[in-house]
Every structure is written in C-alpha cells, then in structure tokens.
Amino acid sequence: MLRKIFLLVAVVLATGCTIIPEDIRVPDDTNLVSYNKAVTGGDGVKGKMARWGGVIVGVENKENKTWVEVVNFPLNHYGRPNTFEETIGRFKVELDGFVDPINFEEGRSVT
C-alpha cells in the first residue's frame, strides 16, 4: 500500500512540473495574459506580459518592421504549441527591422 501511495505522489509531482526554456521564462509571480483574456480584456491588458504560441502562417516585411501572423495553439508544459489541440484564433507579432522569412517560414512552430 505504501508503495502505491509513493508511486501516486511521484506521478502527481512529475506531471505538475513545467520545464519552460530560459529565453521565455518569466518570474513565478508574473501573471501572464492568456490569449482569450487579451481578446476580451480591452485596454486592461495592454502592456501586460503574455506567452503565446502557434504555427506561422505568414510573414510580411515592411520598411522598418516585420509582421508575423501566427495561428494560436495552447502551449504544453515545455512552452511549445500543442498543434493537436483546437486552435482558438490568430495573432500578429510586430518585430523591429527585417526578419528573414527563412527563419520564420510558414508552418514553423513558435512561442
């Protein structure tokens, strides 16, 4: 019986762990704005931190910036888009300067 309890506790702890890469990690006390909240939150969420991901569907280079359009998917515990889930919309990311489309090609996953 004790062995079963230990195994259950180990499984619960292991499934609760998240391993987010350092370059997209934020402090534990930071409240990230979800995609749904951003869509419905209006001005109350502007300027707040978010972590979204998905699959690139378009890249548009302008004179001094680049727009990357992404189909949004929920992120898994590694911070990667889970493309097996339902998509809940799209978003665009504005990047300063020129972005080589080969690095942001259509079909590539991003977070």
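Things to note:
- Cα gyration tensor category, rounded, prolate or oblate, for the stretch 36-111 with a/c compared to 1.5: oblate
- Candidate lysines - alpha carbon under 21 Å from Lys92, same-chain residues fewer than 8 apart omitted: Lys37, Lys46, Lys48, Lys62, Lys65
- Built amide H within the under 5 Å cut-off of Leu75, gap 5+: Asn82
- Extension gain for Thr87 to Trp67 (0.36 nm times residue separation, less C-alpha to C-alpha distance): 5.2 nm.
- Net lengthening on full extension, Ile102/Thr30 (0.36 nm per residue, minus Cα-Cα): 22.6 nm
The numbers here are math on the coordinates, done by the rules we state, and not lab data. In this text the structure is predicted, and so the values were computed from the model without any measurement.
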